[in-house]
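Inspection log for the structure reproduced underneath, given as structure tokens.
The values are calculated or read from the model by the stated rules, or taken from the named source; none is laboratory data. Bear in mind that the values here come from a model prediction, so they are computed numbers and not experimental data. Using ideal geometry, Cβ is built from the backbone for each residue, glycine included, and neighbour counts are taken over all protein chains shown. With ligands, DNA and RNA removed, areas are computed over all heavy atoms of the protein, side chains included. Shrake-Rupley method; radii C 1.70, N 1.55, O 1.52, S 1.80 Å.
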Amino acid sequence: MPLARASLRSFLHSAKSTLNNDVKQHSPVTFVIGNESADLDSLCSAVVLAYLRTYSPFSKSNTVYVPLANLPRADLSLRPELLPVLSHANLKLSDLITLSDLTKFPHHIPVEQMKWILVDHNALQGELGKIYHSRVVGCIDHHDEEYKVPWDCDTEPRIVRKSGSCSSLVLEYCKKDWNELGKQFGEEERAWNAELARLAIAPVLIDTQNLRDENKTTPTDTKAVRYLEGWIMAAEDGESYKTEDYFNEISRAKEDIGSLSLPDILRKDYKQWNESIANLGVSSVVKDVGFLIEKAGSEEKFFEAVKEFAKQRNLSLFSIMTTSNPDSVFKRELMVWGLDGKGVEAAKTFSADAEKKLGLAEWQNGALDVERDSEWRRCWWQKKVENSRKQVAPLLRTSLTSRG
Ligand SMILES: [Mn+2]
């Protein structure tokens with residue numbers, strides 16, 4: 001028998017206490033976890049899937065699926081876009097369950113008692129991956145297949161398919177549960193449906209630019225948005241809710257990084273690849289290079305801060321990718337910095353290789369460029385703006401690994 005349905009907020013509270021009790025009693029725990037970038041898609045997909053799996057009317061168990069945000073609690077403040085989304089879902093930051101909640105437990109759950117369902121990735125990474133990789137029992141993801149999740153997941157999903165947002169795939173999988181749950185139609189349930197829909201629709205809107213990004217949007221995303229709008233409008237005043245307004249509200253919050261320090265801005269959306277030859281790091285930033293320099297105080301201070309950031313992570317090659325919308329035109333800048341011999345070689349290789357592919361054009365007469373044996377730095381306009389980190393990072397990796 002599935003558990004009796006509750007609001008999102010009560011669900012997260014009972015998930016937290018379930019986790020607490022299960023750890024103490026060494027009972028099995030089933031987690032739903034997003035990827036390490038812990039972006040809106042990862043965070044929302046995990047909560048929505050955990051909620052609908054827990055209360056599925058078709059469920060034969062009374063398992064509480066625990067949604068785990070794949071980041072320390074302190075890092076939630078690096079995601080201002082969460083605030084409007086959570087507030088419309090009647091949630092607070094403190095309601096979310098994070099890695100910090102795991103580590104504060106005095107007891108440890110035996111590995112074999114844990115089950116992990118992955119959303120927004122299909123190979124458990126980092127420390128968790130080292131310990132629990134054999135305990136992954138399902139996944140829903142829109143990245144490339146990594147062949148790490150067992151093919152037969154029995155009663156749990158195993159879906160890896162392209163879509164703009166992972167949340168759209170979660171919704172497609174859980175739609176039958178939600179339709180059935182939605183048949184209980186009191187005032188209260190109506191509000192719960194809208195809160196859940198606000199959470200589920202947010203990453204789809206952000207990842208597909210409100211379905212306008214033709215390179216990313218799939219029919220699954222479009223269907224998800226239409227379906228979720230239905231739940232929101234059924235509860236709220238249909239006249240006043242507009243998906244476009246909600247999209248703008250979240251986008252504005254996402255770009256509101258003025259209160260963050262420069263190192264926080266750099267680590268907010270950061271990925272690192274430790275190749276055997278050297279380490280590569282790439283930061284994506286939602287403001288342009290000019291903003292970053294102003295934030296630092298001067299060009300010199302900016303480079304100092306960036307260098308320190310790279311040094312702490314032992315990087316030979318570091319790149320900053322920016323996006324901005326001056327006069328409503330979407331633009332990208334790309335900065336690549338080789339910080340030692342290996343990095344310099346790789347940066348030069350990248351430059352030769354990627355110039356045409358990415359449409360790299362000189363930025364402000366090469367004002368930020370440096371060319372020495374020990375360091376090599378370029379800042380470009382990236383004219384081919386359809387290439388995000390998903391395309392640029394593999395080129396950077398190849399420039400490192402293809403050598404010697
Ligand atoms: Mn995603």
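Quick look at the numbers
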read-out	value
Residues of region 179-208 classified as outside any helix (DSSP H, G or I) and either without any contact (Cβ under 8 Å) to a residue 24 or more places away in the chain or hydroxyl-bearing (Ser, Thr, Tyr) (or both), total	4
Test: residue in region 335-343 that is in contact with a Cys (Cβ under 7 Å, 6 or more places away or on another chain) and either farther than 27 Å from residue 212 by Cβ or in the same structural domain as residue 289 (by the TED database) (or both)	yes
Of all residues in region 240-261 being touching a helix residue (DSSP H, G or I) at 6+ places or on another chain (Cβ under 6 Å) and under 10 Å from residue 84 (Cα atoms), the one that is surrounded by the most Cβ atoms within 10 Å (Cβ to Cβ)	250
Answer residue from region 9-39, given it is open to solvent by less than 10 Å² (accessible area, probe 1.4 Å) and assigned to a helix (DSSP H, G or I) and is farthest from the ligand (Cβ to nearest atom) among those	23
Breaking point among (1) free of Cβ contacts under 8 Å to residues at least 24 places away in the same chain; (2) more than 30 Å from residue 25 (Cβ to Cβ), for residue 76	(2)
Hits in region 237-276 (condition: of a type in the set (Phe, Trp, Tyr) and either in a helix (DSSP H, G or I) or more than 22 Å from the chain's Cα centre (by Cα) (or both))	241, 246, 247
Out of 221, 213, sole residue that is acidic (Asp, Glu), surrounded by fewer than 16 Cβ atoms within 10 Å (Cβ to Cβ) and farther than 20 Å from residue 10 by Cβ	213
Verdict on residue 234 being in contact with a helix residue (DSSP H, G or I) (Cβ under 8 Å, 6 or more places away or on another chain), part of a helix (DSSP H, G or I) and at pLDDT below 95	yes
Residues within region 142-158 that are open to solvent by 80 Å² or more (accessible area, probe 1.4 Å) and within 16 Å of the ligand (Cβ to nearest atom), tallied	2
Single unsatisfied condition, residue 175 versus (1) part of a helix (DSSP H, G or I); (2) open to solvent by less than 40 Å² (accessible area, probe 1.4 Å); (3) away from the ligand (no atom under 16 Å from the Cβ); (4) farther than 30 Å from residue 306 by Cα	(2)
Filtered residues of region 107-141 (kept if part of a loop (DSSP other than H, G, I, E, B), open to solvent by 20 Å² or more (accessible area, probe 1.4 Å) and closer than 25 Å to residue 274 by Cα)	124, 125
Candidate set from region 125-141 (those that are touching a residue at least 60 places away in the same chain (Cβ under 8 Å) and within 16 Å of the ligand (Cβ to nearest atom)); member that is nearest to residue 216 (Cα to Cα)	140
